[in-house]
1. What distance in nm separates the simple spin-label points at Val53 and Trp29, each placed 7 Å from Cα in the Cβ direction?
2. Using amide H atoms built in the peptide plane, which far-off residues or other-chain residues are under 5 Å from Val53 H to H?
3. Return the distance in nm (one decimal) between the two label points of a simple spin-label model at Trp45 and Ile8, each offset 7 Å from Cα along Cα→Cβ.
Amino acid sequence: MGIIGWIILGLIAGAIAKAILPGRQGGGWIVTLILGVVGAVLGGWIGSAIFGVGINEFWSLSTWLLAIGGAIIVLLIWGLITGRNKSSTR
């Protein structure tokens, strides 16, 4: 995948991860994009290391699942770092 594919995948994976996770993690679309791309890379690395499956094709189901899973992990870590979780929302 090219850099544009990574950016699009990261943006969509980050948005899906934000929709899945409860609470109000900070950040707008730029932070979502960055966290999504980092999550996609992390998901691809974990998928390669554990399952022997990486992020190779944009339209592959395994690519999307790994990217969204990685984005969820990164978003959870981001929420812990920024201190914004469900219990602090009103």
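Laboratory data are not the source of any read-out in this text; all were calculated from the coordinates shown. As the structure is a prediction and not an experimental result, all values here were calculated from the model. Ideal geometry is used to build each Cβ from the backbone, glycine not excepted, and the neighbour counts take in all protein chains shown.
1. Placing both labels 7 Å beyond Cα along the Cβ direction yields 3.1 nm.
2. Ser48
3. About 2.6 nm separates the two model spin labels.
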